[in-house]
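First up is the structure itself, then whatever we jot down about it.
Every number in this text was worked out from the coordinates using simple rules, so none of it is lab data. The shown structure was predicted, so the numbers you read here are calculated from the model rather than taken from an experiment. With ideal geometry, Cβ positions are generated from the backbone for all residues, glycine too; neighbour counts draw on all protein chains shown.
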Amino acid sequence: MLSVSASISRFEKLVVFLALASIAALAIYPLLPNQRFSIDLHNTQRIAIEGDGVSGGSSVASVIESSNSKPLSWRCELKSGYQFPYCSTKIHLFDEASMQGVDLSSYKELLLRYSYRPPTTSSQTETIRLYVRNHNPAYSNLDDFSSMKYNELEFQPSTLGDEINLPLDVFKVSHWWLLERNLPIELSRIEFNQVMVVELVTGTYASFGEHFFQLKELTFTKPLVSASNYYLAIVIVWVALSLSFVFWKALTLKRDNRKYHHLAIQDPLTELLNRHGIQEKLKQHQRAAASVLLFDLDHFKKVNDVYGHGVGDEVLKAFANLLRLTCRQNDIAARWGGEEFVVICFDTDAQQAKIVAAKVRQAMTGLVWPQQLNVTTSIGVAEAGADDSFEVALNWADIALYQAKEQGRDQVIVYQHATNQ
């Protein structure tokens with residue numbers, strides 16, 4: 001009995017030691033050095049500073065300073081003459097012999113050190129656009145640099161300072177670039193696997209006059225050891241030296257509980273919320289008002305009858321993915337049943353919700369559907385006040401949806417309180 005007690009005591013000490021060591025390791029990880037990829041800002045042969053003359057405009061950009069001892073500096077005289085006047089600085093990263101870009105897909109942040117001075121007559125908050133241009137043979141070619149994907153971030157220098165770390169996952173693909181192409185959903189996301197050019201551009205609505213720029217550093221960073229590998233090593237040590245069958249069973253039970261709860265609120269086909277899930281989400285939101293959008297895929301039964309339920313399922317999943325990409329961050333999307341879907345837009349009136357619905361319909365026209373189908377949707381929109389329940393708003397949206405289908409489908413109808421009460 002004494003030997004058993006001694007073993008338990010040693011085990012407890014080992015657990016305490018490993019717990020403290022694990023906490024220390026977790027605290028140390030953010031302090032570990034990063035791997036860096038710094039862009040050479042002094043190689044003038046790989047830097048192009050230009051105005052919008054190539055687009056028919058009259059804005060002019062010129063270098064002020066470019067030497068190994070001083071930061072790259074330039075001025076931009078922004079003038080009218082082009083619909084969206086601009087000046088840009090392009091930094092070429094690709095290898096000229098092989099025309100291969102740089103794979104930055106594993107990098108997490110971009111360190112930008114710069115200074116910017118807008119025109120003295122400017123009365124608005126100026127912005128700067130940063131493009132990380134990526135090449136992919138699936139949508140671009142090397143003879144046309146405008147075909148390369150515009151991974152874009154537009155920011156306000158006045159609010160961020162002159163040294164900022166920009167997470168790469170906050171970049172987005174420029175909307176205008178996507179509109180010019182009919183790309184499938186999987187190619188419409190940001191990409192950094194073959195970066196050809198990094199470009200700094202004046203803001204979308206920049207003021208006329210002289211803009212001054214100084215670029216001091218552009219450095220992509222990532223951890224020397226990935227977070228997943230680092231944490232995995234800690235887990236392996238715990239599993240190898242301290243975990244017992246009791247702990248393993250407890251963790252398994254906890255994991256199973258989370259899994260079953262997840263299955264209870266998620267539609268297994270589309271991986272959107274189901275009816276239970278949307279009710280649970282609504283309990284977490286304190287709202288003053290919201291709008292409900294009820295979608296019904298037009299003639300969906302015909303898709304199942306002609307092409308089979310397998311193709312029908314693919315259409316449902318494609319539409320669910322489209323909702324994820326199209327709806328706003330705070331919106332809640334769910335599969336209501338069959339070919340019906342619901343989106344709840346918080347702090348959104350009916351007219352704003354109608355814009356969201358129109359955006360979904362527009363995105364559907366550019367999506368490559370299974371079997372090259374032409375899939376459309378009818379949409380009912382209803383606005384709910386703070387005192388209106390979700391069930392009431394959903395009923396209003398259902399009435400509007402019925403009107404949309406009665407009037408020929410493939411359209412958005414907003415529930416009119418004045419005429420329906």
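So here's what we get for this one:
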| item | result |
| --- | --- |
| Assigned charges on the beta-carbon of Lys, Arg, Asp, Glu; the chain dipole about Cα centre (debye) | 1240 debye |
| Least to most buried among F390, F295, F192 (fewest other Cβ within 10 Å first) | F390, F192, F295 |
| FRET E, pair D387, E163, Förster distance 35 Å, beta-carbon r, rounded to 0.05 | 0.10 |
| Within straight-line cross-link reach of K283, lysines at Cα separation under 24 Å, skipping those fewer than 8 residues along the same chain | K254, K259 |
| Cβ-derived FRET efficiency at R0 30 Å, K108 paired with V237, nearest 0.05 | 0.75 |
| Sorted by Cβ neighbour density within 10 Å, fewest at the top, the residues D298, D313 | D313, D298 |
| Reduced Cα scattering model of the stretch 275-420, Debye log10 I(q)/I(0), q = 0.10 Å⁻¹ | -0.32 |
| ³J(HN,Hα), Karplus 6.51/-1.76/1.60, whole Hz, each residue of the stretch 290-301, x for Gly, Pro | 7, 10, 10, 10, 10, 9, 9, 5, 5, 6, 5, 4 |
| Value of D in µm² per second that Stokes-Einstein yields for the stretch 37-223, Kirkwood Rh from Cα pairs, at 10 °C (1.306 mPa s) | 93 µm²/s |
| Karplus (6.51, -1.76, 1.60) ³J(HN,Hα), θ = phi - 60°, over the stretch 327-344, in Hz, Gly and Pro reported as x | 6, 7, 4, 8, 6, 10, 10, 8, 8, 7, x, x, 9, 9, 10, 10, 10, 10 |
| Stretch gain in nm, segment A24-L224, where the contour uses 0.36 nm per residue and the Cα spacing is subtracted | 70.2 nm |
| Mean ellipticity per residue at 222 nm, deg cm²/dmol - from DSSP H runs of n ≥ 4 across the chain, formula -39500 (n - 2.57) | -11000 deg cm²/dmol |
| Within the stretch 37-223: Cβ-based charge dipole about Cα centre, in debye rounded to nearest 20 (Lys, Arg +1; Asp, Glu -1) | 220 debye |
| Gyration tensor (Cα) of the stretch 32-127, equivalent ellipsoid semi-axes in angstrom | 28, 18, 15 |
| Potential extension, S69-R409 segment - 0.36 nm per residue separation minus Cα distance | 115.8 nm |
| Which of V412, V306 has the fewest Cβ neighbours within 10 Å, and the rest in rising order | V306, V412 |
| Neighbourhood net charge (14 Å Cβ-Cβ; Lys/Arg +1, Asp/Glu -1) for H42 | 0 |
| Simple label model, 7 Å out from Cα along Cβ direction - R36 to I265, nm | 4.3 nm |
| Cβ-isolated cysteines (cut-off 4.7 Å), the chain | C327, C345 |
| Cross-link table K90/K149; K302/K405; K281/K301; K354/K405; K301/K405, entries beyond 18 Å C-alpha to C-alpha | K281/K301 |
| Simple label model, 7 Å out from Cα along Cβ direction - S146 to K281, nm | 3.9 nm |
| Hull-based mean projected area of the chain, where the convex hull spans the alpha carbons, in square nanometres | 30.4 nm² |
